[in-house]
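The values are calculated or read from the model by the stated rules, or taken from the named source; none is laboratory data. This one's a predicted model, so the numbers in the text were calculated from it and none came from an experiment. All Cβ positions, even for glycine, are placed from backbone atoms using ideal geometry, and neighbour counts span all protein chains on display. The accessibility values were calculated without ligands, DNA or RNA, using every heavy atom of the protein model including side chains. Shrake-Rupley method; radii C 1.70, N 1.55, O 1.52, S 1.80 Å.
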Amino acid sequence: MDFDYNSTRPKLILAEYGRNVQNMVDYICTLPTQEERNRYAQVVIDMMGVLNPHLRDVSDFKHKLWDHLHIISDFKIDVESPYPVPDRDAIHKKPELLNYPQHNIRFKHYGHTVERMIEKALAMPTPEYRERMAISVANFMKMAYMTWNKDSVQDEHIIQDLFELSKGQLSLPADTVLTKLDFKTPPPGNRVKSAPSSSNNNNNSNHQKGGSSGHSHGHRDNNNNNRKFNAGGGGGKKNFVPKKGGFKR
């Protein structure tokens, strides 16, 4: 007994239309006359529009359906299309490969930027500018070393690395004191909360004052209403006073 699994079936070219549409397109390709192919192709186009109603909002709705028909048939269907047949290379166009920079970096913890900075320093016109640039590069190298290695480093070590990277063209005195630059970002959970502004305090105090005054006014109004109600006797009627013998008017 043979079972028909999806793994044994041909691959769906446009899965959003389903297996039945692809089978119908394959059947159209086997029809002998072009008249029959055109008639059945129009039926399939209408069905494709019903299966994907969101394409109705796209400009050139019919044009896109006919392009999909050719794509599903792997550009083998021979019908009279009201639109030009799309180009296979234009649809399955592969993107161009991006050039990834390839650099042989001597010291990875310094990076390629330090090597470019050394080249700029060597291009300085005067020895004075070249020396200033060399000191700046050495300070940056110390900062990069401390960032990646998380350890202390002697200035003589940085000066020796600068000498090697510049191929002996940039040399600093052994007693040069480099600046310690620490660029450490605070952890995300250690953020300082800003103090509440004075305007918020003023708004809160005004709200408390307004609330207390409104509360006192409300009590006064309720007391006045109660006095008026007691004085009026509930609409002009006399109050009944209970006695031992019963109620007396």
Using alpha-carbon positions, what is the distance between the centroids of the stretch 136-172 and the stretch 60-118, in Å?
44
By average C-beta atoms within 10 angstrom, highest first, the peptides 124-131, 22-29, 89-96
22-29, 124-131, 89-96
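How much space per residue, in cubic angstrom, does the convex hull of the C-alpha atoms of the stretch 67-110 take up? Don't jump to the answer; show the numbers that get you there.
Values: hull volume 5.1 nm³, N = 44.
Considering the Cα atoms of the stretch 67-110, their hull volume per residue is 115 Å³.
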Cα gyration tensor shape for the stretch 1-86, rounded if a/c is under 1.5, else prolate or oblate:
oblate
Integer Hz, Karplus 6.51/-1.76/1.60 couplings in order for the stretch 94-104, x for Gly and Pro:
8, x, 6, 6, 8, 6, 8, x, 10, 10, 8
Quick one: 3J(HN,Hα) in Hz for the stretch 75-80, Karplus 6.51/-1.76/1.60 with θ = phi - 60°, rounded, Gly and Pro as x.
6, 9, 6, 10, 9, 8
What percent of all Cα-Cα pairs in the stretch 96-180 falls into each 10 Å bin, going from 0 up to the bin containing the maximum distance?
17, 50, 24, 7, 2, 0
The convex hull of the Cα atoms of the stretch 3-146, divided by residue count, gives a volume in Å³ per residue of 272
Solvent accessible area, Å² - Val153, 1.4 Å probe, full protein context:
20
Once you have the Cα-Cα distance between Asn23 and Gln169, take 0.36 nm times their residue separation minus that, and quote the gain in nm to one decimal.
45.2 nm
